[in-house]
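The values are calculated or read from the model by the stated rules, or taken from the named source; none is laboratory data. This structure is a prediction, so every number in the text was calculated from the model and none was measured. Here the Cβ positions follow ideal geometry from the backbone for every residue, glycine too, while neighbour counts run over all protein chains shown. What goes into the accessible areas is simple: the full protein's heavy atoms, side chains included, and nothing from ligands, DNA or RNA. Shrake-Rupley method; radii C 1.70, N 1.55, O 1.52, S 1.80 Å.
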Amino acid sequence: MDPTLVHALQHTLHLVAQTAVEVTPAADTAAQVPLLDVAFYAMVKILIGLGVILGTVSYTVLAERKVCAFMQDRVGPNRTGIPLTNIPMWGLGQPIADALKGLLKEQFTPNHTNRFFYILAPMLAVSPALITVCVIPFASLTTVTLPFEIPFFGNVIPKPGVIADINVGPVFIFAISSLTVYGIVLAGWASNSKFPFLGGIRSSAQMISYEVAMGLSVIPVFMVTGTMNLSKIVDYQYQHGWLALPFISPNPLDFATLLPALMLALVLIPAFFIFLVSSFAETNRMPFDLPESEQELVGGYNTEYGGMRFALFFLGEYAALIMSSALLVTLFFGGWTLPFEAYNNLAQSWGIFGIILQTLVFITKVTGFILLFIWVRWSTPRFRYDALMDLGWKVFLPTSLALIVVCGTMLAGIQHFGGGLKAGASAKEKATAIVADVSR
Amino acid sequence: MVHGREIAYNSKVEGNIILANLDASINWMRTHSMWPMPMGLACCAIELMASGGARFDIARFGAEVMRFSPRQSDVLIVAGTVTYKMALATKRIYEQMPDPKWVIAMGACASSGGMYRSYAVLQGIDRILPVDVYISGCPPRPEALLEGLMRLQQKIMTEKSTTRQLVPEPALV
Amino acid sequence: MANTTTTFEQPDALLRTQQALDAAPDVPGERLTLNMGPSHPSTHGVLRIVLELDGEVVTKAIPDIGYLHRGDEKIAENMTYNQFVPYTDRLDYLAPLANNVAYACAVEKLMGWDLPPRGQAIRVLCCELARISAHLLGFGAMAMDCGAMSVFLYTFTEREKLYNLFESLTGARFTTSYTRIGGMTRDLPPGWLDEVAAFIKQYKPQIEETDKLLTRNKIFIERSRDVGVITRADAISYGITGPNLRGSGVDYDVRKVRPYLGYENYDFDIPVGSVGDCYDRYLVRLEELRQSVRIIEQVLAKFPEGPIHVADTKNYLPKKQKVLTKMEELIHQFILVTEGLKAPPGEVYFGAENPKGELGFYIRSRGGGVPYRLKIRAPSFVNLSILDKLLPGCMMADVVAILGSIDFVMGECDR
Amino acid sequence: MATTTEAIQSLQSAFAGKVGAAREFRGEHTLPVDREIIADVALHLRDKLGFDYLADICSVDNMGDEPRYEVVYEFAQMSAPHHLRIIAKVSEDEGSLPTISHVYATANWHEREIWDMMGIKFDNHPDLRRILMWEGYPYFPLQRDFPLEGKPSDTPGEAFTRIAPLEGGPFVTAPAEHNHDREPRARPPEPV
């Protein structure tokens, strides 16, 4: 097995183990939550998260078909409603039918394939996107107490808004999601067929090159917020305005906080665009869907896959799309927060229901980005391979490097000229904080 | 298969009920998720595209997911004249589709050779593939294709989904 | 010891690399042979191209056609002239009306007939509507090949409106079989011209919408500009016709050079490209849509009255009403239908400017109602013959863009 | 840019003795030439006379006549309405004539099609393979003695043909010179 893969997995396991048992050092009731409860609620959150993601995936597919139909003056699926009946229900049963049909199709393994990797590839393609769910904060981290008793376990939930609150969230996501490429490359190679092979080659080149730009373009975010912990990034955005929309902060008329935020937005908005476009490339979405480009490579890497294995690729692709949207929201659009203090403290006042409401707000924001992804898919032509590489290496990479330099200069300037302006901690403190976080 | 065999008090009845429900549910999802493999060969292909267009919108039946890879499709829509040069390629594509699979012969040429009684044209794909639905017309209007699709749905609803459908494939003629 | 000087030849680095490459054996497996088609989403039917790829770059392309060869020419030899009209529908099945007209004109040339003005006007209308319909699908499919799915659906919506017009004119959406030798199956239905005028009126802004969607689209331009360049000399030598030829800068249009059906009376321009790449071909098609609209407007402005078919009562079907009531007409119809018209011996070639290019019919007659030999000069067949020269050097993604921009129909190519 | 009549005169003087008399029908001029000089005629037409456009090449099977085949070239000009048809006769024994695909690139596929459909060979053709039918198909379908319904053939793994059923339809008319005593009828498939 690939040593990097092993290493990444080991590291991941280490981190997860570390964070799952870790208790927030903040002075609240969390410190008293027994370890068993932490594990139990982590499990519950994982199950709910998986369920939500899988459900969202299938309905994202339906949304895609419906939105595309809307854009093309069509109706879209509208006959498939409640199972076993002929009640149409606006086609809401379509994902159920599609998924179950895929499950019961003949699982055919062509004779010319490399059997082991052929079967492994769809699993590799789908799991990374699902794993990354665990670090995305979808609601407040304030410990809440359930209004009812749970048998065998306590009813205090530590950190209800995230499955694993680790200090290197984005890095973890990049590390895991870059494993998706293994699934696709293996699928292309193991199929032992030419169209998938070309698709696999394309995707390996594409995803690896855009990962670089993607990773570099979020560094300004870390520099500004001074942390690599996703929930702290969200907290920062709640206090100082969303990174891509600095006006949306609790006190938008406070000049002292708005001015540095606006200046930083000059860097952060281009960074956001690079990150957005790279997300398109990372998730193999139009206009970058070269690995499976239907008109050229028939189905690309998944040409030889049918039935449930193909559905897994589908699932992985859409899960990656959802995760990219969630990451975009978390990094640049304030995560689950809204600029109202009462809303952000809902966990204290409403308990678990506040958490649910915040989660819904988060899902709404994510849906907005999903719709953006769909909208772009049905309106643009596809890039050509060399143009795609040019864009990644010749435009995005230098730009994001330049953005880091500009961002550092700006931060230094803000700190030097406007010590009174609350631009967060000083650069040195931040650097120490990041290093401390990572090395922990 | 369980039905027809005594296991307990009167398992025949119960088994049938269970299987009937299972059949119905499996058939329900099969009918509502038919992904076509558009085998666009000639004129009929244009009407096949038209049925995917805004006016007829085959997507209403959940059948707009035109997968060009046979491994991912359920219904082979043979739209157009199958020549002898193309015949074995068509058969191969059919063979690459995973079970359960169905075939729609769209138009006169695919059904019977149509107006092309000549040295180069296969006189109907039913000489090499088992066909489930024949659609008349040269080319059939998109409405006719949708009707054919609905007839196929009806046909699937009557199938025993729990048994493998072994359709005797016609010998190469 | 005598000094000897040995001169070492030191070629430069590039040359050395090249020599090393030349010396290396051509390892099988270095190049990938990719079989594209006959069932592939962007080969527009059943074209098959065997590509040899070096990475993503095509080094060799061998087109393989004939997967839709139905024996039209052989069938034609076994039929009367009128019986063959339905087969012409299925040549270029994106513009059946234009094929009907071209075939009828060819046989009429053999007969030495001239259509009365109203018949000509109807045929011009048919041709231009068919051209709009074919070009709409043409660049819709090209956009789809480049990945822009929605454009294709938009153009298809417009085509559906055209299908409505065709249906009320001929009774069929698609396979129209509208012309007969010496006339048309029937005169225009009442109010049809107003429908055409209404269509044209709502259609003009639609052209601009397509224009907005594609013409300035950065990705589309990147995909099509300087891709698949056909030089002027190549285009002429390969006998390419239609928008593909005009995209390469040759202003050859049968409607201008050898006018038929009174095309000389209409005022229209022939758009020509400057480079000959995919983008030029797309632009030429787009402009031809506007020119077709212009021609249709002129036809509609002064639509002639009068008969729609030739006056040769010996060889043209009598009116149905008379057939049902009069003995002579009944016999006349019977003889005409069973024996066909009495064509003189001789040979003609007639080329018409169809959406894909010059559709020619060469008819060799030995007299009687059946052609001795009927050869179809299919524009798609000729246009595709340049593929093995055009594709090498392109990338894999360019192949589909080029195929889309050449806009061929296999029904016509293979016949 | 020569007109058609000028072109005929020029050809007749350049290839005296090998060019037959021109005939005219419906405003089109046809010039029979000997089959050996067809490439030179094409070169002459393109370079000296401005016929830059080869519209079509067709083949005709006059079964029963000698020579049996005719190959019909349609030369035209891109910028002027002049058109000239050149006919070369090929007998069944000779069975070949020079290619003109080096003069007009478009002739490449046309000649392949003629070989495929009619069985006339072209000397020095760069790539004379079947084009519409597949390699291994044993017949030439456009020859007059080949029946419309075809003959059975089998190229294992590639393709096969069977006789199309013509009884009971389609009602096709048999071609004939005298067509008064003829009516549409089904033609039973010939015994194979």
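Tabulated values for the structure
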item: Number of the condition not met by C:T43 [criteria: (1) among the hydroxyl-bearing types (S, T, Y); (2) at the interface with another protein chain (Cβ under 7 Å from one of its Cβ atoms); (3) in contact (Cβ under 8 Å) with a residue 40 or more places away in the chain]; result: (2)
item: From A:A99, A:A164, A:A129, residue being within 14 Å of chain B (Cβ to nearest Cβ) and surrounded by 19 or more Cβ atoms within 10 Å (Cβ to Cβ); result: A:A99
item: Test result for A:G55, within 11 Å of another protein chain (Cβ to nearest Cβ) and either out of contact with any Phe, Trp or Tyr (no Cβ under 6 Å at 6 or more places or on another chain) or assigned to a loop (DSSP other than H, G, I, E, B) (or both); result: no
item: Subset of segment B:7-36 [more than 9 Å from chain A (Cβ to nearest Cβ) and at pLDDT 80 or above]; result: B:N27, B:P36
item: Top-ranked residue in segment B:61-89 [being within 29 Å of D:L132 (Cα to Cα) and of a type in the set (S, T, N, Q); ranked as surrounded by the most Cβ atoms within 10 Å (Cβ to Cβ)]; result: B:T83
item: Which numbered condition A:L290 fails, given (1) away from chain C (no Cβ under 14 Å); (2) open to solvent by less than 20 Å² (accessible area, probe 1.4 Å); result: (1)
item: Selection status of B:R92, open to solvent by 10 Å² or more (accessible area, probe 1.4 Å), modelled with pLDDT under 85 and out of contact with any Lys or Arg (no Cβ under 8 Å at 6 or more places or on another chain); result: no
item: Single unsatisfied condition, C:R216 versus (1) closer than 22 Å to C:G404 by Cα; (2) more than 14 Å from chain A (Cβ to nearest Cβ); (3) surrounded by fewer than 21 Cβ atoms within 10 Å (Cβ to Cβ); result: (2)
item: Total residues in segment B:26-52, condition without any contact (Cβ under 8 Å) to a residue 24 or more places away in the chain and either over 19 Å from the mean Cα position of the chain (by Cα) or within 18 Å of B:P139 (Cα to Cα) (or both); result: 2
item: Residues within segment A:332-354 that are closer than 16 Å to A:G161 by Cα and either open to solvent by 30 Å² or more (accessible area, probe 1.4 Å) or assigned to a helix (DSSP H, G or I) (or both), tallied; result: 12
item: Matching residues in segment C:46-87 - criterion: being assigned to a loop (DSSP other than H, G, I, E, B), over 21 Å from the mean Cα position of the chain (by Cα) and within 14 Å of chain B (Cβ to nearest Cβ); result: C:E77, C:N78, C:M79
item: Those residues of segment A:208-234 which are farther than 18 Å from A:M410 by Cα and surrounded by fewer than 20 Cβ atoms within 10 Å (Cβ to Cβ), in sequence order; result: A:I208, A:S209, A:E211, A:V212, A:G215, A:K232
item: Residue in segment A:296-310 that is within 20 Å of the chain's Cα centre (by Cα), modelled with pLDDT under 85 and over 26 Å from A:A99 (Cα atoms) present; result: no
item: Flag if C:S248 is open to solvent by less than 50 Å² (accessible area, probe 1.4 Å), under 23 Å from the mean Cα position of the chain (by Cα), within 13 Å of another protein chain (Cβ to nearest Cβ) and farther than 23 Å from C:A143 by Cα; result: no
item: Segment B:40-60: number of residues that are over 27 Å from B:A87 (Cα atoms), open to solvent by less than 10 Å² (accessible area, probe 1.4 Å) and either outside any helix (DSSP H, G or I) or more than 11 Å from chain C (Cβ to nearest Cβ) (or both); result: 2
item: Flag for A:Q94 being crowded, with 18+ Cβ neighbours inside 10 Å and under 20 Å from B:W35 (Cβ atoms); result: yes
item: Residue tally, condition over 10 Å from the mean Cα position of the chain (by Cα) and open to solvent by less than 20 Å² (accessible area, probe 1.4 Å), over segment B:140-158; result: 4
item: Number of the exception - A:W90 against (1) among the aromatic types (F, W, Y); (2) free of Cβ contacts under 8 Å to residues at least 24 places away in the same chain; (3) outside any helix (DSSP H, G or I); result: (3)
item: Elements of type helices (runs of 4 or more DSSP H) in segment C:114-221, at least 1 residues being of a type in the set (A, V, I, L, M, F, W, C), in contact with a Gly (Cβ under 7 Å, 6 or more places away or on another chain) and touching a residue at least 60 places away in the same chain (Cβ under 8 Å); result: C:117-145, C:149-170
item: A:M89 under 26 Å from the mean Cα position of the chain (by Cα) and surrounded by fewer than 15 Cβ atoms within 10 Å (Cβ to Cβ); result: no
item: Count of residues meeting criterion [touching a strand residue (DSSP E or B) at 6+ places or on another chain (Cβ under 8 Å) and under 20 Å from B:C44 (Cβ atoms)] in segment C:67-96; result: 11
item: Residue, farthest from the other protein chains (Cβ to nearest Cβ), within segment A:355-384, restricted to residues that are touching a Leu at 6+ places or on another chain (Cβ under 9 Å) and open to solvent by 40 Å² or more (accessible area, probe 1.4 Å); result: A:L357
item: Segment D:111-129, subset of a type in the set (K, R) and under 15 Å from the mean Cα position of the chain (by Cα), residue farthest from the other protein chains (Cβ to nearest Cβ); result: D:K121
item: Among the candidates C:L97, C:L91, residue that is open to solvent by less than 10 Å² (accessible area, probe 1.4 Å) and within 12 Å of another protein chain (Cβ to nearest Cβ); result: C:L91
item: Filter result (out of contact with any helix residue (DSSP H, G or I) (no Cβ under 6 Å at 6 or more places or on another chain) and not in a helix (DSSP H, G or I)) within segment D:1-26; result: D:M1, D:A2, D:T3, D:A16, D:G17, D:G20, D:A21, D:R23, D:E24, D:F25
